[in-house]
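Some notes on the structure that comes next.
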Amino acid sequence: MGTVEAFEHTADVGLRVRGRDLEDLFRTAAEGLFDDIVANRQDVRDVERECVSLVADSLADLLAAWLNELIFRCETRHRLYSHFDVHLSSKDSDVGLSLGAEIGGEPIDRDRHVLVHEVKAVTRHALTLRRDGGDWVAELILDI
């Protein structure tokens, strides 16, 4: 299981995400994102599932697209998510890298969910993704 730690960044929120493999990193990044959106993510029930399918040219672009897709769904569908089953693959050179995921959550319930930040986007500014020993590490900025 990966880890997430926040770091100081001007008016936004920085996250340093660590995972034992790329799928763990992407799952952990999604959990870290929702920990910044809702204080009690553990109380978000996994009652409805949705599929996500994305492609990108690089791992960093795919990570940003993944998190921005989750933010978009949260904002437009008024939902919170707590389950992230992520699968990554590389396709032929015309398609690049792909992500397929099943996410689970429920509609926002202001009586049960403690909302913390309204996250607008994951910025590409200062976005890094690298190997560190046997782990993968990403640093990203949440625009709040």
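Of the residues examined, residue 119 is one that is in contact with an Asp or Glu (Cβ under 9 Å, 6 or more places away or on another chain), surrounded by 12 or more Cβ atoms within 10 Å (Cβ to Cβ) and closer than 20 Å to residue 27 by Cα. All conditions in (1) buried (at least 17 other Cβ atoms within 10 Å of the Cβ); (2) over 15 Å from residue 129 (Cβ atoms); (3) of a type outside the set (Gly, Ala, Ser) hold for residue 75, with the sole exception of (1).
Being assigned to a strand (DSSP E or B), within 15 Å of residue 28 (Cα to Cα) and of a type outside the set (A, V, I, L, M), is that true of even one residue in the range 52-64?
no
Across the range 122-144, the number of residues qualifying as surrounded by 12 or more Cβ atoms within 10 Å (Cβ to Cβ) and of a type in the set (Ser, Thr, Tyr) comes to 1.
Of the residues making up the range 70-93, those that are of a type in the set (S, T, N, Q) and either more than 12 Å from the chain's Cα centre (by Cα) or modelled with pLDDT under 95 (or both) are 76, 89, 90, 93.
Restricting attention to the range 122-138, the residues that are farther than 16 Å from residue 24 by Cβ and not aliphatic (A, V, I, L, M) total 4.
The values are calculated or read from the model by the stated rules, or taken from the named source; none is laboratory data. Everything numeric in this text was worked out from a predicted model, so none of it was measured. Cβ coordinates were reconstructed from backbone atoms using ideal geometry, including for glycine residues, and neighbour counts include every protein chain displayed.
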